[in-house]
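The values are calculated or read from the model by the stated rules, or taken from the named source; none is laboratory data. Predicted model only: the values in this text are computed from it and were never measured. A quick note on method: Cβ atoms are made from the backbone with ideal geometry, for glycine too, and the neighbour counts reach across all protein chains shown. Protein only, heavy atoms only, side chains kept; ligands, DNA and RNA dropped before computing areas. Shrake-Rupley method; radii C 1.70, N 1.55, O 1.52, S 1.80 Å.
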Amino acid sequence: MEVNGFVYREKGFKDNQLVVARFGISCCAADASVYGLLSTLENASALKKDTWVHITGIIQKTTYNGENTPYIQVQQIESIHPPDNPYVYELYQGEQLIGPGE
């Protein structure tokens with residue numbers, strides 16, 4: 001799997017854990033939420049917060065906060081420039097929001 005995003009870490013992450021994240025928007029920037037995949041990489045804590053990266057890795061399964069969750073075991077990582085538009089959006093068709101199952 002390949003993912004582009006910024007380095008995001010929560011308090012309590014292990015030294016090898018990070019999230020490669022994007023901000024998702026459904027209406028406007030005020031409702032932006034962090035979306036991403038938990039990833040593991042040796043010395044991940046050394047990566048600077050908000051640095052944009054491209055990762056390649058293998059999807060695995062782990063337990064985080066008592067829940068089963070997927071994560072990416074990073075095999076390659078490289079720094080990239082932030083995209084012109086760093087946000088991801090819900091799918092719109094014309095002026096109508098297309099939600100799940102529609």
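Of the numbered criteria (1) open to solvent by 70 Å² or more (accessible area, probe 1.4 Å); (2) of a type in the set (Asp, Glu); (3) more than 12 Å from Asn4 (Cα to Cα), the one Glu78 fails is (3). You will find that of Leu37, Leu41, the residue that is farther than 21 Å from Tyr89 by Cβ and either in contact with a strand residue (DSSP E or B) (Cβ under 6 Å, 6 or more places away or on another chain) or of a type in the set (Gly, Ala, Ser) (or both) is Leu41 and no other.
In this structure, does Lys49 turn out to be in a strand (DSSP E or B) and not aromatic (Phe, Trp, Tyr)? Considered against the rule, which asks whether it is in a strand (DSSP E or B) and not aromatic (Phe, Trp, Tyr), Lys49 comes out as no. Tallying residues that are part of a loop (DSSP other than H, G, I, E, B) and without any contact (Cβ under 8 Å) to a residue 24 or more places away in the chain within region 15-30 yields 2.
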